[in-house]
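Structure record follows, encoded as structure tokens.
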Amino acid sequence: MKFEHEMILCIVNSGFSGEVMDAARACGAGGGTVLHARGTASPEAESFFKIAIQPEKEMVMILVPAEIKDAVLHALYQKVGLQTPGQGIAFALPVDGVVGLPGQVSEGNSKT
């Protein structure tokens, strides 16, 4: 199954959502939604990754056309990845239906 859109989720330390959106916009993303969150991790995870887990996080949801997903993920890795102060992780999920974008109704949606 081929999807026209992907939702990229990027979780970063609090205060780094602007850098997330700068990187995504440079690749062609239009905008995103920021949710305030709190991270948790076991002491084993902290020692394995050799990072201190900061509980205050921001989760940025970005809907992108599937063809730019890889470029956006790469840009996020470069700008806010685990080796940066943002200590971010990002992943993408396929989206099978979209409404609300200008001129956009994907095949996954049906009119009733």
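Read-outs: derived from the displayed coordinates by stated rules, not from any lab. Small disclaimer: the values here were computed from a predicted structure and weren't measured. Neighbour counts run over all protein chains shown; Cβ positions are idealised from the backbone, glycine included.
Once you put a point 7 Å from the Cα of Leu35 and another 7 Å from the Cα of Thr84, both along the Cβ direction, what distance in nm separates them?
2.2 nm
Show me the ranking of peptides 28-34, 15-21 by mean Cβ neighbours inside 10 Å, starting with the highest.
Values: 28-34: 14.6, 15-21: 19.1.
Highest-to-lowest ranking by the protection proxy: 15-21, 28-34.
Lys and Arg at +1, Asp and Glu at -1: add these up for the other residues within a Cβ distance under 14 Å of Ile68 and post the number. Display every interim value, and only then the final one.
Details: positive: Arg25, Lys69; negative: Glu4, Glu6, Glu67, Asp70.
Result for the local shell: -2.
Would you mind computing, in nm to one decimal, how far apart the modelled labels at Glu4 and Asp96 are, each placed 7 Å from Cα along Cα→Cβ?
Simple spin-label model gives 1.6 nm for this pair.
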